[in-house]
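The values are calculated or read from the model by the stated rules, or taken from the named source; none is laboratory data. Computed from a predicted model, the values in this text were never measured in an experiment. Cβ coordinates were reconstructed from backbone atoms using ideal geometry, including for glycine residues, and neighbour counts include every protein chain displayed.
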Amino acid sequence: MAKRDKIIALYPGTFDPITNGHLSLIDRAAGLFDELVVAVARSSPKATLFSVEERYEMVSQTLNGRENVRVEKFNDLLADYAQRIGAAAIVRGLRAVSDFEYEFQMALMNRRLVHEIETVFLMPALSWVYLSSTIVKDVAANGGDITGLVPPVAAVMLARKFGR
């Protein structure tokens, strides 16, 4: 890998919604790299509750003021997008062994597509290992308390979505 003046990392996801587990990974990655691009995927094989614009706004408001973090939207093949923005690494989160097989396959495919980009696996803080956007949406949809699981802007947007 060629030496770069500034090491940029890319943390992609749907962030539907952003959770405190995501924030744990963002904080860890921002401490490891000169710049972290948090990239909100426009399209996904997952059905999303929020539109890409809503998710982008949610993530942008949540991360506002973080010095070396910027938020973007993307619709490219991940490896192509990473190469286009000059990323040296793609950051992916692992909560449990069950995440590993899928993430490992994706990392190998991304490496095949763009040899220069590494995938870095990070774990969230232990307190967030169980947390996923899917679980948060399910709890919120059924009137459960999501206080402390998501940033305040996400909690407000979820409450609006579910008419609370």
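Taking the range 62-87 only, how many residues are touching a helix residue (DSSP H, G or I) at 6+ places or on another chain (Cβ under 9 Å) and either among the small types (Gly, Ala, Ser) or closer than 18 Å to Thr14 by Cα (or both)? First the steps, then the outcome.
Of the range 62-87, the ones touching a helix residue (DSSP H, G or I) at 6+ places or on another chain (Cβ under 9 Å) are 62-63, 66-80, 82-83, 87.
Those still in the list that are either among the small types (Gly, Ala, Ser) or closer than 18 Å to Thr14 by Cα (or both) too: 62-63, 69-80, 82, 87.
Residues meeting the conditions: 16.
Under the condition of being of a type outside the set (D, E, K, R) and assigned to a loop (DSSP other than H, G, I, E, B), which residue from the range 56-79 is farthest from the chain's Cα centre (by Cα)? So that I can check it myself, show each step before the final result.
Within the range 56-79, the first condition is being of a type outside the set (D, E, K, R), and the residues that meet it are 56, 58-65, 68-69, 71, 74-75, 77-79.
Filter once more, keeping what is assigned to a loop (DSSP other than H, G, I, E, B): 64-65, 68, 75, 77.
Details: Asn64: 15, Gly65: 17, Asn68: 15, Asn75: 14, Leu77: 16 Å.
Within the range 56-79, the match that is farthest from the chain's Cα centre (by Cα) is Gly65.
I'd like the full set of residues that are among the β-branched types (Val, Ile, Thr) and part of a strand (DSSP E or B), limited to the range 94-134.
We begin by selecting, within the range 94-134, every residue among the β-branched types (Val, Ile, Thr); these are 97, 114, 117, 119-120, 129, 134.
Scanning the range 94-134 gives Thr119, Val120.
Condition check: touching a Pro at 6+ places or on another chain (Cβ under 8 Å), without any contact (Cβ under 8 Å) to a residue 40 or more places away in the chain and of a type in the set (A, V, I, L, M, F, W, C). Does Ala41 satisfy that?
Working: touching a Pro at 6+ places or on another chain (Cβ under 8 Å): yes; without any contact (Cβ under 8 Å) to a residue 40 or more places away in the chain: yes; of a type in the set (A, V, I, L, M, F, W, C): yes.
So Ala41 fits the description; yes.
From (1) touching a strand residue (DSSP E or B) at 6+ places or on another chain (Cβ under 7 Å); (2) surrounded by fewer than 23 Cβ atoms within 10 Å (Cβ to Cβ); (3) not in a helix (DSSP H, G or I), pick out the condition that doesn't hold for Val40.
With respect to (1) touching a strand residue (DSSP E or B) at 6+ places or on another chain (Cβ under 7 Å); (2) surrounded by fewer than 23 Cβ atoms within 10 Å (Cβ to Cβ); (3) not in a helix (DSSP H, G or I), Val40 is out only on (2).
Which pairs do you get when a residue that is part of a loop (DSSP other than H, G, I, E, B), found in the range 135-164, comes within reach of a residue that is at pLDDT 95 or above and of a type in the set (Ser, Thr, Tyr), reach meaning Cβ atoms under 7 angstrom, with the pair 6+ apart or on two chains?
Between residues of the range 135-164 that are part of a loop (DSSP other than H, G, I, E, B) and residues that are at pLDDT 95 or above and of a type in the set (Ser, Thr, Tyr), the close pairs are Leu149/Thr19; Val150/Thr19; Pro151/Thr62.
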